[in-house]
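A short worksheet on the structure shown next.
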Amino acid sequence: MTSRAAPAPTELGRKGGLRVTVEWVEWLMGLPLGYVTDVPGLTRGQQLQILGNGVVPQQARTAFEALLDLEA
């Protein structure tokens, strides 16, 4: 979908355990590289919150197309 290879899905956290990478979540949602991760001044937590509250563009398009077909 994104025409680019998937980034690593996990990284080592501060306590040594694995945690999901923000770049992977961004890629998984089909967003352009850096769409959230390159915004200056955002913490990792803020980036994940934005992505978690976001909409997958392909899913939104499908929903709108289905709604528009109901109107016909």
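The values are calculated or read from the model by the stated rules, or taken from the named source; none is laboratory data. Quick caveat, the model's predicted, so the values are computed rather than measured. Quick reminder, even Gly has a Cβ in these numbers, built from the backbone with ideal geometry, and neighbours come from all protein chains shown.
Quick one: which of L42, L33 is surrounded by fewer than 16 Cβ atoms within 10 Å (Cβ to Cβ), at pLDDT below 95 and either β-branched (V, I, T) or in a loop (DSSP other than H, G, I, E, B) (or both)? Sole residue among the options that is surrounded by fewer than 16 Cβ atoms within 10 Å (Cβ to Cβ), at pLDDT below 95 and either β-branched (V, I, T) or in a loop (DSSP other than H, G, I, E, B) (or both): L33. Among the residues of the stretch 11-30, the ones that are outside any loop (DSSP other than H, G, I, E, B) and under 14 Å from the mean Cα position of the chain (by Cα) come to 8 in all.
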